[in-house]
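Just below is one structure, and these are the notes that go with it.
The values are calculated or read from the model by the stated rules, or taken from the named source; none is laboratory data. Everything numeric here is computed off the predicted structure, so don't read it as measured data. Protein only, heavy atoms only, side chains kept; ligands, DNA and RNA dropped before computing areas. Shrake-Rupley method; radii C 1.70, N 1.55, O 1.52, S 1.80 Å.
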Amino acid sequence: MATYAGRGVHGQTVEVIARRILAGEIAEGATLNLGALQEELDVSLTALREALKVLSAKGIVDARQKRGTFVRPRADWHLLDADVIRWQMEEGADPRLLDKLHEVRSIIEPAAARLAAIRAVDEDFSALEQALEEMIEAHGDPVASVAADLSFHRALLNATHNDLLVRMEVVMETGLAERDRLVHGGAHDDPVPSHRAVVDAIRSRDESAAETAMRGLLAKAVRDVEKVRAQKGRR
């Protein structure tokens, strides 16, 4: 996923200010000193204002007469925005974000697997099987493993044939990718069997088995994260 940092001066400015806010370096309610920011970041006032428009659209900052530009309360931030999720992951602004992501997944994906068992068509089975093949081929390659896992979960949502569920990809993709980078960066169990169990149940049109298999997959995902956290804690 492309980041704002790859979009020139404007993008770099968005990234710097967003990360500082989400990391708490610029507190909620704080008024931004635009002159100081312009000088520090060595950007034009136009570039700075354009960057702030991006953050305003994401609910992070706002501007008022006599008050200037200020950081809005976290409750106003668009927390389901892919960039906002990524910034939180990168800056560690919320160390519980992976746990929150799992709660979202545990609500959405078992139900998605159940629907897929009812609605999946040949194209969906092909996409799921292709994702499994990518997982096998990606063994030992963290970057490819992340891409394969994302392909699988994207195919699962598509197999529901529910446009709103498919759009949940926007919410989950960045957080899931960051979780995968954490897990696949260290030792972990083979992910293929747990994913294969979901596909087999969907192909068998067994709704309950599909839901159960997905819950098992998610439980394994939690164990993988806890294992990594334990390893880091011992260092």
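Computed values, structure above
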read-out	value
Carbon + sulfur, % of accessible area of the chain - ligands and nucleic acids excluded, 1.4 Å	51 percent
Within straight-line cross-link reach of LYS227, lysines at Cα separation under 27 Å, skipping those fewer than 8 residues along the same chain	LYS100
Accessible area of ASP206 in the full protein assembly, 1.4 Å probe (Å², nearest 10)	70 Å²
Where TRP87, TRP77 fall by accessible area, highest first, once all protein chains stay in place (1.4 Å)	TRP77, TRP87
Whole-number accessible area per residue in Å² for the chain, which is evaluated in the context of all protein chains at 1.4 Å	51 Å²
